[in-house]
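Encoded as structure tokens, the structure appears first; notes follow it.
Taken together, the values in this text are just the output of simple stated rules run on the coordinates, not laboratory data. Keep in mind that what you see is a predicted model, and the values were worked out from it rather than measured. FYI the Cβ positions are ideal-geometry reconstructions off the backbone, even for glycines, and counts take in every protein chain you see.
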Amino acid sequence: MTSQRLPILYTFRRCPYAMRARIALAYAGINFEIREVVLRAKPSSLLELSAKATVPVLRLNDRVLEQSLDIMNWALEQQDPDGWLDYDEATLARMILLIEDCDQDFKPNLDRYKYADRHAELSQQQHRALAEAFISRLDAQLSIQQASGNAYLFGPKPGYADVAVLPFVRQFAYVDIEWFKTSPYTALAGWLDHLLTSELFRAVMKKYPAWQEGDSPTYFANP
Ligand SMILES: N[C@@H](CCC(=O)N[C@@H](CS)C(=O)NCC(=O)O)C(=O)O
């Protein structure tokens with residue numbers, strides 16, 4: 001009989017990709033070993049598992065998941081208690097397109113807004129304006145939902161897409177939170193505030209000491 005061990009998650013607390021993975025794992029009630037990584041000094045076991053060495057990486061007994069969405073998908077396959085994927089096919093397809101836009105288009109603009117001093121070809125406000133294309137789209141979608149009494153991007157309950165984009169919207173808001181609070185994106189600001197104050201989000205933002213090779217395991221405490 002092969003011995004089964006708990007999944008191991010290599011993560012970085014403030015990484016938005018790692019956040020979406022941790023949220024999904026916690027939501028699915030998965031117990032796992034958590035290894036908080038220092039990105040400039042990655043542990044050798046992470047480099048051995050994953051040549052590209054980004055976080056999050058989830059080591060399972062029989063495979064290694066190296067993409068945050070693969071980790072989300074795996075977690076939701078184990079358990080999806082509130083039906084984050086419980087939508088018709090057309091809605092799921094729209095969710096996936098939204099997440100692709102987040103990762104492929106919005107995220108590079110967000111990085112240039114956040115690190116505008118490294119991208120001096122445009123001002124920080126100009127970088128922000130490019131990122132706002134996605135932000136205003138989310139705000140408009142939420143405003144439409146709110147008009148029907150719904151609080152989330154695709155209806156009355158949070159779904160896969162809300163969770164997948166949440167950490168990136170959070171990062172956008174906190175580049176200049178005072179500006180964000182006075183911005184016209186009030187539907188999005190309410191959505192963000194609500195999700196960030198949830199027990200689930202708070203649980204996955206708990207601080208863990210950096211893990212180094214040889215350290216004894218630290219386990220994620222499920223909420
Ligand atoms: N496509 C990957 C992207 C993950 C990613 O880029 N993570 C960043 C941290 S937020 C990282 O590990 N960067 C490598 C480094 O900084 O050395 C995913 O979805 O998991």
Straight-line reach check, Lys52, cutoff 23 Å on alpha carbons, 8 or more apart in-chain or any other chain, hits among lysines -> Lys42, Lys107
Sites removed, the longest contiguous part of the chain containing no DSSP-loop GluC sites (Glu not before Pro) with at most 10 other Cβ within 10 Å is 1-120
Under the Karplus relation with 6.51, -1.76 and 1.60 and θ = phi - 60°, whole-Hz ³J(HN,Hα) for segment 72-85, x at Gly and Pro, equal 4, 4, 5, 4, 6, 5, 6, 6, 9, x, 9, x, 5, 10
So the angle from the long Cα axis of helix 160-175 to the longest Cα principal axis of the chain, reported in degrees to the nearest 10, equals 70 degrees
Each label sits 7 Å from Cα toward the beta-carbon; between Val64 and Arg5 the label points are separated, in nm, by 1.4 nm
If the chain between Ala120 and Ser198 were fully extended at 0.36 nm per residue, the gain over the current Cα-Cα distance would be 24.4 nm
Applied in sequence order to segment 107-123, the curve 6.51 cos²θ - 1.76 cosθ + 1.60 (Karplus, θ = phi - 60°) yields integer Hz couplings, x standing for Gly and Pro, of 4, x, 5, 4, 4, 5, 5, 5, 10, 4, 5, 8, 10, 6, 5, 10, 6
Comparing Tyr174, Tyr113, Tyr17 in a Gaussian network model of the chain (Cα, 10 Å), the one with the largest mean-square fluctuation is Tyr174
Note: Gln212 to Ala51 extended length (0.36 nm per residue) minus current alpha-carbon separation gives 56.1 nm
Here, Leu85 and Thr182, labelled 7 Å along Cα→Cβ, have an inter-label distance in nm of 4.4 nm
Reduced to Cα centres, the span from segment 40-60 to segment 108-165 in Å works out to 29 Å
In deg cm²/dmol, rounded to the nearest 500, the helical mean residue ellipticity at 222 nm of the chain, built from -39500 (n - 2.57) for every DSSP H run of length 4 or more, is -15500 deg cm²/dmol
If one compares the long axis through the Cα atoms of helix 124-147 with the longest principal axis of the Cα atoms of the chain, the angle in degrees, nearest 10, works out at 90 degrees
